[in-house]
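Inspection log for the structure reproduced underneath, given as structure tokens.
The values are calculated or read from the model by the stated rules, or taken from the named source; none is laboratory data. Predicted model, so just to flag it, every value in this text is computed and none were measured. Using ideal geometry, Cβ is built from the backbone for each residue, glycine included, and neighbour counts are taken over all protein chains shown. Please note that ligands, DNA and RNA were not included when accessible areas were found on the heavy atoms of the full protein model with its side chains. Shrake-Rupley method; radii C 1.70, N 1.55, O 1.52, S 1.80 Å.
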Amino acid sequence: MSKRKALVTGITGQDGSYLAEFLLAKDYEVIGMVRRSSTVNFDRIKHFQDDVILVQGDLLDQISLLKIIEEYRPHEVYNLAAQSFVPTSWSQPVLTGEFTALGVTRVLDAIRLVDPNIRFYQASTSEMFGKVQEVPQKETTPFYPRSPYGVAKVYGHWITINYRESYDLFAASGILFNHESPRRGLEFVTHKVTYGAAKIKLGLAHELRLGNLESRRDWGYAGDYVEAMWLMLQQPQPDDYVIATGETHSIRELCEVAFGRLDLDYRDYVIQDQRFFRPAEVDQLVGDASKAKRVLGWEPKIRFHELIEIMVDADMEALQNRR
Ligand code: NAP
Ligand code: F7E
């Protein structure tokens, strides 16, 4: 039997790298879409780069998407590419809309035109819940996005549902709460804190400047969450699923655990800095993933404390190896 083929947009990102590894382990042929840049940024995928096919394309460029799908004819497309950093969505709102909102339509249209039997996964987000209308948030909770990023993702979510209903595409949307790992970008708060704490422990820094310490997130492990993406595309019917741990923790608790792992007291080093506060904040996110558990049989394996300790240990090791 010929191999299943999957196209992953955003393969160079945190989730793309874990998903590609997961699919390779399931014996998929993996095609990764990468955008052209003047320097190669394959840090997260270099250990399996030779096992996947990397092709150039961009969410801004309809022809490139059409050509890739026409040439490789994947059975499944995972659309993970996006401008994913919330603060940047205020400084570059139009670009964020182009990538994160209209980019989804471009991929869906390419699928519709080439082969409507291709299964499609859209990377939706808890940021769509924003100013939360109920606690915990589930698939039916109304959206109230609080950033241009969240607004763009609401568009991406609804266009996925619209193409499912208009053209009968197998288009699923995963509403994933924050998920982290040692491969998380250094600008996101978990990695900023674990890396910052490790630098302080090694005498490479003396303070860590952060924004709002009271906002709360439901943090899971990226390696667990990519399995849920795959499971969504193996179901008889396309649907939407919340993926979360059901636990919520503040940035303050995150600091306590990360610095505590290194026998440090975060209060001696963390400084609140207005530069890192947001024009509009999402204060309290916590997800109810009971539908995913019931239908997909999915549950998170790694919880908050373990996750943060894994990240601190990885940062200590990486910084020590660099010395
Ligand atoms: P990430 O690390 O920021 O990766 C984003 C990826 O998108 C990178 O590979 C990036 O390529 C690519 N990309 C950006 N703009 C592109 C464009 N115009 N054309 C082609 N590729 C482009 O994000 P992540 O954390 O892995 O998240 C994956 C997806 O899930 C994103 O859509 C994100 O919004 C969504 N999401 C993430 C979370 C989370 O907690 N991580 C939660 C919910 C939803 P370069 O390497 O070239 O920059
Ligand atoms: O912020 C607070 C900040 O940037 C989390 C993306 O993957 O998850 C991510 O979005 C919280 C916010 O992630 C700093 O105000 C305090 O309340 O790590 P973050 P995010 O905005 O939740 C969702 C689900 C996505 O979909 C996104 O793509 O932490 N915070 N001080 C800080 N945040 C940052 N970045 N830096 C600080 O210094």
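Laid out as a table, the results:
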| quantity | calculated |
| --- | --- |
| Breaking point among (1) under 13 Å from Leu7 (Cα atoms); (2) free of Cβ contacts under 8 Å to residues at least 24 places away in the same chain; (3) within 16 Å of ligand 2 (Cβ to nearest atom), for Gln122 | (2) |
| Matching entry among Val189, Val154 (being among the β-branched types (Val, Ile, Thr) and within 30 Å of Leu319 (Cα to Cα)) | Val189 |
| Meets criteria (out of contact with any strand residue (DSSP E or B) (no Cβ under 9 Å at 6 or more places or on another chain), of a type outside the set (Gly, Ala, Ser) and surrounded by fewer than 17 Cβ atoms within 10 Å (Cβ to Cβ)) for Glu299 | yes |
| Within segment 161-182, considering residues that are within 15 Å of ligand 2 (Cβ to nearest atom) and buried (at least 22 other Cβ atoms within 10 Å of the Cβ), the one nearest to Leu285 (Cα to Cα) | Phe177 |
| Gln122 being within 20 Å of Pro238 (Cβ to Cβ) and either within 18 Å of the chain's Cα centre (by Cα) or buried (at least 24 other Cβ atoms within 10 Å of the Cβ) (or both) | yes |
| Arg294 being of a type outside the set (A, V, I, L, M, F, W, C), away from ligand 2 (no atom under 16 Å from the Cβ), exposed (fewer than 14 other Cβ atoms within 10 Å of the Cβ) and assigned to a helix (DSSP H, G or I) | yes |
| Selection within segment 123-135 - more than 16 Å from ligand 1 (Cβ to nearest atom) and touching a strand residue (DSSP E or B) at 6+ places or on another chain (Cβ under 8 Å) | Val135 |
| Of all residues in segment 252-278 being farther than 14 Å from Met311 by Cβ, within 13 Å of ligand 2 (Cβ to nearest atom) and of a type in the set (A, V, I, L, M, F, W, C), the one that is least open to solvent (accessible area, probe 1.4 Å) | Val270 |
| Counted residues, segment 217-234 - those being in a strand (DSSP E or B) and surrounded by fewer than 19 Cβ atoms within 10 Å (Cβ to Cβ) | 0 |
| Residues satisfying the stated conditions in segment 1-26, i.e. of a type in the set (A, V, I, L, M) and either free of Cβ contacts under 8 Å to residues at least 60 places away in the same chain or under 19 Å from Asp224 (Cα atoms) (or both) | Met1, Ala6, Val8, Ile11, Leu19, Ala20, Leu23, Leu24, Ala25 |
| Strands (runs of 3 or more DSSP E) within segment 1-66 that include 1 or more residues of a type in the set (S, T, N, Q) | 5-9, 53-56 |
| Matching residues in segment 146-157 - criterion: being within 11 Å of ligand 2 (Cβ to nearest atom) and surrounded by fewer than 22 Cβ atoms within 10 Å (Cβ to Cβ) | Arg146 |
| Selection status of Gln14, within 16 Å of ligand 2 (Cβ to nearest atom) and modelled with pLDDT of 95 or more | yes |
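Conditions (1) surrounded by 14 or more Cβ atoms within 10 Å (Cβ to Cβ); (2) more than 10 Å from ligand 1 (Cβ to nearest atom), marked per residue:
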position: Leu19; (1), (2): yes, no
position: Leu24; (1), (2): yes, yes
position: Gly32; (1), (2): yes, no
position: Arg36; (1), (2): no, no
position: Phe42; (1), (2): yes, no
position: Asp61; (1), (2): yes, no
